[in-house]
1. How far, in nm, would the chain grow between Asn36 and Ala108 when pulled straight, counting 0.36 nm per residue and subtracting the alpha carbon separation?
2. Can you work out the FRET efficiency for the pair Ala51 and Asn12, with r the C-beta to C-beta distance and R0 = 22 Å, to the nearest 0.05?
3. Tell me the label-point distance for the pair Ser85, Trp22, using the 7 Å Cα-to-Cβ offset, in nm and rounded to one decimal.
4. Listed highest first by mean packing, meaning other Cβ atoms within 10 Å per residue, what order do 52-63, 103-114 come in?
5. Using θ = phi - 60° and the Karplus relation 6.51 cos²θ - 1.76 cosθ + 1.60, list the HN-Hα couplings for region 87-95 in order, rounded to whole Hz, with x at every Gly or Pro.
6. If amide hydrogens are placed 1.01 Å from N in the peptide plane, which non-local residues have theirs closer than 5 Å to the one on Asn10?
Amino acid sequence: MANQQTLQGNWNEITGKLRSKWGQLTQDELTQYQGNASQLVGYIQRKTGEARGEIEKFVNDLMSKGGEGAGHALESAREYANQASESMREGYRSAEQMVQQRPGQAVAMAFGAGLLTGVILTLMMRD
């Protein structure tokens, strides 16, 4: 049977799917069993007359799919973070290489950027 932490973590999604499968279930009734899979299954069995094994299978399938979705989202976030990190490293290497190859231009660009920032801040503070 599903564990309590997974049940609570995916509660809104699970109750929505339970209610679409068994329309006679209400949100208020389901809320009473949040986090307790065994009591939830027993309640659905009493309310619908469905076999306990079928209800348990349905709830377990919902929770395993929710876990897979969360795992996939986490993996995508990690991949995006790795790509962003690599992009920043590449930008740093490129800037470092430019400074080493053209130090005069790098100093002039830094001075120009600082001057432009100072002018913009001064104008903003005036208003």
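None of the figures in this text is laboratory data; all of them are computed from the coordinates on show. Worth saying up front: this structure is predicted, and the values here are computed from it rather than measured. Glycine also receives a Cβ, built like all others from the backbone with ideal geometry; neighbour counts cover every protein chain displayed.
1. Values: separation 72, 0.36 × 72 = 25.92 nm, distance 6.62 nm.
Between Asn36 and Ala108, full extension yields an extra 19.3 nm.
2. Values: r = 26 Å, r/R0 = 1.17.
After rounding to 0.05, the efficiency reads 0.30.
3. Result for the modelled spin labels: 4.5 nm.
4. On the way: 52-63: 15.8, 103-114: 10.8.
By packing density, highest mean first, the sequence is 52-63, 103-114.
5. Each residue's phi maps through the Karplus curve to give 4, 5, 4, 5, x, 5, 4, 5, 5 Hz.
6. When sequence neighbours closer than 5 places are left aside, there are no close amide H contacts.
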